[in-house]
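Everything on this sheet refers to the single structure shown next.
Only the coordinates and a few stated rules stand behind these numbers; no lab work does. Remember, predicted model here, so these are calculated numbers, not experimental data. Note: ideal-geometry Cβ built from the backbone for every residue, glycine included; neighbour counts use all protein chains shown.
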Amino acid sequence: MTSSIAVRRAAGDDADVVSEVLADAFSDDPVVTWLLPKLMSRRTWRVRRLWTLTARSYFRHNKPVYLTGDGNGAALWSPPGTWVPSIADQLRDLPPMVPVFGRTLVRASRLQSQMMKAHPMRPKHWYLYAIGTRVESQGKGLGSALLREALDVVDAAGEPAYLESSNIRNVPLYERHGFKVVEEIRIAGGGPPMWRMWRDPA
């Protein structure tokens, strides 16, 4: 049961564990695989580096990062009004991403632009950027525990939440926690589909 799974707010010194978890969880993700194909050189390093940079950015801005007690599940959230990266952040984050994506950098940049354009501006909301568990720990309720921990905070504030699911297999999990699909979008340039999901406060 998810109630018996410990979840805590992660601290900066958890960055390596969080990035390891998400790199493992998203290694076979359709969108990540489209951005970083399986046969791409140094792919394991690229996927891990992608999530290391992403996790560090969330810790740098003191955004909520959740980690299960066993270190096998993690989630990255942006509070209302904080999901749009500033110009300074974009300029700071771009150079270290160049070696991560290499020849697919333009593809990644176009995807980011498409996601930002599709992202609702109003009402203000919590944004679940990523949630995942290590492959060996999937199906054990960690994802539900992570969602419940954050959504308790969201509901207490009486605010909505938003996410994009990059894998159809995860949509039922989000639906069980109150999210509803508002749009299925196809990534420009021949990418896989994604599902935009919205949740009103419970």
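Counting Lys and Arg as +1 and Asp and Glu as -1 over every other residue whose Cβ lies under 15 Å from the Cβ of SER27, the net charge comes to +3. The number of Lys pairs in the range 2-199 with C-alpha atoms less than 23 Å apart, excluding pairs fewer than 8 positions apart on the same chain, is 5.
Each label was represented as a point 7 Å from its Cα along the Cα-to-Cβ direction; for THR82 and ASP155 these points are 2.2 nm apart. At an R0 of 30 angstrom, the distance between the Cβ atoms of ILE168 and VAL17 translates into a FRET efficiency of 0.60. Along the range 75-89 the Karplus relation, 6.51 cos²θ - 1.76 cosθ + 1.60 evaluated at θ = phi - 60°, assigns HN-Hα couplings of 8, 10, 10, 10, x, x, x, 10, 6, 7, x, 6, 4, 4, 5 Hz to successive residues, with x for each Gly and Pro. On the beta carbon distance between SER4 and GLU183, with R0 = 35 Å, the FRET formula returns roughly 0.50. Here the sum of -39500 (n - 2.57) over DSSP H runs of 4 or more residues, divided by the residues of the chain, equals -13000 deg cm²/dmol at 222 nm, to the nearest 500. In this Cβ point-charge picture (+1 for Lys and Arg, -1 for Asp and Glu), the chain has a dipole of about 700 debye about its Cα centre.
When both bridge partners sit in the chain, DSSP labels roughly 90% of those beta bridges antiparallel. Label point of TRP45 set 7 angstrom out along Cα-Cβ; within the range 68-97, amide nitrogens under 18 Å from it belong to 95-97. Local charge for VAL47 was computed over the other residues whose Cβ lies under 12 Å away, with Lys and Arg +1 and Asp and Glu -1, and equals +2. With neighbour counts taken as other beta-carbon atoms within 10 Å, the residues VAL32, VAL17 rank, fewest first, as VAL17, VAL32. The ranking of MET116, MET194, MET121, MET97 by Cβ neighbour count inside 10 Å, starting from the fewest, reads MET121, MET116, MET97, MET194.
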